[in-house]
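Okay, structure first, notes after.
The values are calculated or read from the model by the stated rules, or taken from the named source; none is laboratory data. Quantities reported herein were computed from a predicted structural model and do not represent experimental measurements. Here the Cβ positions follow ideal geometry from the backbone for every residue, glycine too, while neighbour counts run over all protein chains shown. Calculation scope for accessible area: heavy atoms of the full protein, side chains included, ligands and nucleic acids excluded. Shrake-Rupley method; radii C 1.70, N 1.55, O 1.52, S 1.80 Å.
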Amino acid sequence: MNDLKNKNIIVTGATGGIGNSILKKLDELGANILASGTKLEKLEEIKKNFKNVKILKFDISQSDHIESFIEDACNELGHGLDCIINNAGITQDNLAIRMNLDEWKKVIDINLTSTFLMCKFAIKKMLKTKKGKIINITSVVGHTGNLGQANYTASKAGIIAMSKSLAIEYAKKNININCISPGFIKTAMTDKIDEKFKDLIVSRIPSARLGDPEDIANAVLFLASSQSDYINGETLHVNGGMYMA
């Protein structure tokens, strides 16, 4: 996958466990990376730790500014955009009858609407060079549903369907748009899960373990590289067989 060397790549949600692992893998291959997130202190730490990473603080909930963010990110990278990895997102869990409209709209607006806008303005850049890769990070629960996550599961399922539609529209322009659907991955978020519930989750995973952030990063490398050039509109499941089971 050394064809990623010097490729211009944007990674949103870069300060979390999965985002950080993606940066590490891309940096090792010599990609030219723009890391984005909401926490400047963590972004500065990323800049110190990785030699090929530039940083740009941005909150994707600011939907009116996404076009200018893409423009600024491309200016930081120096020229065209080869790949964007839409990893940023939020959860705001509640049972459906207790979920208020703000809880519903906030998750849908950030996870789905902002991801759409990221794709839209990235595609505009990629059309100029007639090539590009878009990788949208979804979730296994976007396929299965999950207790207390009607808003989150709807947003992640929406990303999958949206990505298929965009792939149909822009495949002839040599733009590949795919999803990665992680299962339960070892991150700060899963560290907060009660041990008994975590054991129950693991018991339902054929591989009998939680995934590592590196498992998602490896899938990103494949979809970002030329090895996936004939894959479009697909979802790569990285969940230890959980969805299959």
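General observations
- Apportionment of accessible area to carbon and sulfur, the chain, percent (1.4 Å): 51
- Electrostatic bookkeeping for ASN151 treats Lys and Arg as +1 and Asp and Glu as -1; over the other residues with beta carbon under 9 Å from its beta carbon, the sum is 0.
- Spin-label proximity, LYS130 to region 55-87 - amide N less than 17 Å from point 7 Å beyond Cα toward beta carbon: 80-82
- Of LYS24/LYS186; LYS39/LYS172; LYS54/LYS120; LYS51/LYS172; LYS48/LYS156; LYS24/LYS133, pairs whose Cα-Cα distance is over 26 Å: LYS39/LYS172; LYS51/LYS172; LYS48/LYS156
- Solvent-accessible surface ranking, highest first, for MET126, MET162 at 1.4 angstrom: MET162, MET126
- For the chain, the mean residue ellipticity at 222 nm estimated from helices alone is -13000 deg cm²/dmol, where every DSSP H run of n ≥ 4 contributes -39500 (n - 2.57) and the total is divided by all residues, rounded to the nearest 500.
- Proximal charge balance of ASP229 [Cβ under 14 Å; K/R count +1, D/E count -1]: +3
- Global geometry of region 119-238, whether rounded, prolate or oblate, following the gyration tensor of its Cα atoms and the 1.5 cut on a/c: prolate
- Neighbours of GLU28, meaning other residues whose beta-carbon lies under 11 angstrom from its beta-carbon, give a summed charge of +3 when Lys and Arg score +1 and Asp and Glu score -1.
- For SER181, the residues 5 or more places off, or on other chains, whose built amide H falls under 5 Å of its own are THR138, LEU236, HIS237, VAL238.
- Distance (nanometres) between label positions extended 7 Å along Cα→Cβ at ASN94 and ASP72: 3.1
- Counting only alpha carbon atoms, the long axis of helix 114-129 and the longest principal axis of the chain meet at about 30°.
- Couplings 3J(HN,Hα) for region 40-45, derived from phi with the Karplus relation 6.51 cos²θ - 1.76 cosθ + 1.60 (θ = phi - 60°), are 4, 4, 6, 5, 5, 5 Hz, where x marks Gly and Pro.
- Backbone phi angles across region 55-71, fed through the Karplus curve with coefficients 6.51, -1.76 and 1.60 (θ = phi - 60°), yield HN-Hα couplings of 10, 8, 5, 7, 9, 5, 5, 7, 4, 5, 10, 5, 4, 5, 4, 4, 4 Hz in residue order; Gly and Pro are listed as x.
- Estimated FRET transfer efficiency when R0 is 35 angstrom, pair LYS106-LYS48 (beta carbons, to 0.05): 0.60
- Choice from GLU214, GLU45, GLU67 with maximal GNM fluctuation in the chain (Cα, 10 Å cutoff): GLU45
- For region 142-226, the solvent-accessible area with a 1.4 angstrom probe is 49 square angstrom per residue.
- In the assembled protein chains, ASP229 presents an accessible area of approximately 80 Å² (probe radius 1.4 Å).
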